[in-house]
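The values are calculated or read from the model by the stated rules, or taken from the named source; none is laboratory data. Since the structure is predicted, the reported quantities are computational estimates derived from the model, not experimental observations. Methodologically, a virtual Cβ is constructed for each residue, glycine included, from the backbone with ideal geometry; neighbour enumeration extends over all protein chains shown. Areas reflect the complete protein model, heavy atoms only, side chains present, ligands, DNA and RNA absent. Shrake-Rupley method; radii C 1.70, N 1.55, O 1.52, S 1.80 Å.
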Amino acid sequence: MNESKKLIILGAGGHGKVVADTALSAGFNVIGFLDDDERKWGRRILGIPVIGSTNLVYKIAREGKANYGIAAVGDNIIRAKLYYKIIEAGLKPATIIHPYAYVARDTYIGQGTVVFAGAVIQPGSIIGDNVIINTAASIDHDNKILHHVCINPQATLAGGVTVGYYSTIHTNAIIAPYIKIGDNAIIGAGAVVLHDVQNDHVVVGVPGRFLKYNENKPPKTLIEKLFNSCLLYTS
């Protein structure tokens with residue numbers, strides 16, 4: 001194991017399991033999981049212990065047991081809270097790229113982002129912090145995926161797409177070239193998006209149509225943290 005890349009994972013669910021496997025494949029030494037569900041404490045996932053609550057990240061950092069952390073929860077808002085907790089604890093958010101992902105030249109991948117097996121990111125694309133590029137997702141040229149976004153398995157983003165903060169693109173969705181997806185938007189599984197999507201809109205179907213507003217919005221404290229540290233704000 002690589003002692004210079006000691007990683008603690010915040011989140012011990014199914015997504016955390018895949019993050020752990022990806023991290024191991026990428027050469028990290030995963031020392032354990034933290035999770036706020038007490039029922040998971042003491043369990044092992046891929047042979048790795050669930051140590052205790054996410055608040056233990058401060059003690060782990062202080063004692064030098066890890067130097068990297070990763071937030072491993074699918075929900076964008078919860079993942080953002082954990083991401084900032086990792087930073088506050090003094091750990092570096094890990095950038096984890098599976099060796100079987102393809103990341104082209106002339107790309108940028110932010111800290112705390114995980115790129116899973118089979119994913120493709122083409123030239124000119126910018127991927128922000130704390131982003132999930134999930135299994136076999138396809139990000140074509142010159143995309144801009146902003147912080148705290150989740151691109152789910154086999155979603156396809158054509159060239160020149162922009163995805164705003166906290167948005168989710170669900171499994172097998174297709175986004176046409178040069179579409180702009182607003183902040184905190186949700187694109188449903190299998191949707192085909194041919195027109196720009198506004199902030200907080202939930203879009204479903206073929207072709208994609210507005211269904212409702214996403215009422216689960218990041219709290220003011222997270223917005224303040226986002227724009228205090230943001231490198232990608234363009235709106």
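What is the angle, in °, between the Cα long axis of helix 14-25 and the longest principal axis of the Cα atoms in the chain? Nearest 10 is fine, range 0 to 90. The angle comes out at about 70 degrees. Of all DSSP bridge pairs formed entirely within the chain, close to 10 percent run antiparallel.
Annotation for the range 91-140 versus the range 2-41: alpha-carbon center distance of 18 Å. Of Lys40/Lys85; Lys59/Lys81; Lys81/Lys180; Lys5/Lys220, which sit over 22 Å apart, Cα to Cα? As for pairs spanning more than 22 Å Cα to Cα, those are Lys81/Lys180; Lys5/Lys220.
Label positions at Arg209 and Tyr178, each projected 7 Å from the Cα along the C-beta direction, are separated by 2.7 nm. The calculated FRET efficiency for the pair Glu63 and Thr171, based on their C-beta separation and a Förster distance of 30 Å, comes to about 0.15. Counting only protein heavy atoms and a probe of 1.4 Å, the accessible surface of the range 93-232 is 54% carbon and sulfur.
Measuring nothing but protein heavy atoms, the accessible surface of the range 1-71 at 1.4 Å probe radius is 48 percent carbon and sulfur. For the chain, modelled as a GNM whose springs connect Cα atoms under 10 angstrom apart, the maximal fluctuation among Lys59, Lys85, Lys217 occurs at Lys59. Rounded to the nearest 10 degrees, the angle from helix 220-229 to the longest Cα principal axis of the chain is 90 degrees. The mean accessible area for residues of the range 111-183, using a 1.4 Å probe and ignoring ligands and nucleic acids, is 26 Å² per residue. Using the 1.4 Å probe convention, the accessible area of the range 1-106 works out to 48 Å² per residue with neighbouring protein chains retained.
For the chain, a Gaussian network of Cα nodes joined below 10 Å ranks Ser138, Ser125, Ser53 by mean-square fluctuation, and the top entry is Ser53.
With a cut-off of 12 Å on the backbone N, the residues of the range 52-69 near the modelled label site 7 Å out from Glu88 along Cα-Cβ are 55-58.
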